[in-house]
Structures are given as C-alpha cells and as structure tokens.
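S.K.: Take this structure first; my questions come after.
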Amino acid sequence: MVKLNERKIRWIIHEKLRGRGAGELALIQRVTHRRVEQIWQAYKHTGIPPTLKTPGRRKGASTHLHDASLVLKVYDELKVDALTLERVLKHSHGLNLPHNRTYMILKEADRACLNRASREHASGSATSESIA
C-alpha cells in the first residue's frame, strides 16, 4: 500500500475520465480498487477532486489560566507530586486535569518535584553516599 497524494488523486481522476478501469489504476498506484472507486465516487458527487486531511494529531486544548492558578495554589498548600495533585483536584475541586498536564504546569512554574532517580543523579549517586 502506498499513500496517495494530491497529484496521484488528480491523476486517478484524469485516467478514470479517459475510461480506464479501477482495477488497472489500482495496480499502477499500488492501492486497492475500492480506494480508487471511493475517490471516483467523491469526485462524481462534488465535481472536485477529494482533498486529504492534514496529517498528524490535533493539538489538545490548552490549559486555562484559571486551571493553572488553581493547580499552583493547591500545590503550595499541599506540596505533593502531580499524581496526588491530580486526585486532589478531581475530588475536592471537580477539575479533571491529567497528571502530565499538571506536571507541565508545575514545571513551567519551577515547582515540579523531581523523581527519586533524578534527585540522586543531581546530588551524586546513591552508592557513593552509602560508602561514605
């Protein structure tokens, strides 16, 4: 299977207008004959070649300023990590904010808790402390 681009779709439509069959076009473009038929049907209904969707994932909704201020306020009160903060925000404030987004808010405000491995790496290895 090969991905079709705008040029290949226009070529398929041009060749269908000239009378070539869907199976033959599918073999040339290395797609299924059903896909060629779908492209042809879309062209017949609208009169214009179908356009492809933009690739990739849609951007998620940005965090509102109110949510970020609430996260920082609750963090200043409790001084807990993002996972615990997620549960507290959900149960006490009714805010369903994923812990990774909560962590990003804390990180941007320089209040993120580092995990144990990062703390040990930053202060020196745990083995050198246990030997001394």
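S.K.: Based only on other Cβ atoms within 10 Å, what is the fewest-to-most ordering of H66, H93?
M.R.: Values: H66 9, H93 14.
Placing the least packed residue first, the sequence is H66, H93.
S.K.: Name the trypsin sites (Lys or Arg not before Pro) in region 3-62 that are in a loop by DSSP and that have at most 15 other C-beta atoms within 10 Å, would you?
M.R.: Counting only loop positions with at most 15 other Cβ atoms within 10 Å, the trypsin sites (Lys or Arg not before Pro) in region 3-62 are K3, R20, R30, K53, R57, R58, K59.
S.K.: Near K8, which lysines are there with a Cα under 27 Å away, not counting those fewer than 8 places off in the same chain?
M.R.: Candidates past the 8-residue exclusion: K16, K44, K53.
S.K.: Can you pull the one-decimal nm distance between simple spin-label points at L52 and K73, each 7 Å off the Cα toward Cβ?
M.R.: Taking the two extended label points, one gets 4.8 nm.
S.K.: How much of the pair distance distribution for region 1-81 lies past 14 Å, counting alpha-carbon pairs only, in percent?
M.R.: Percent of Cα pairs beyond 14 Å in region 1-81: 71.
Read-outs throughout are calculated quantities, based only on the coordinates presented, and are distinct from any laboratory measurement. All of these numbers come straight from a predicted model, not from anything done at the bench. Here Cβ is always computed from backbone atoms with ideal geometry, including for glycine, and neighbour counts include all displayed protein chains.
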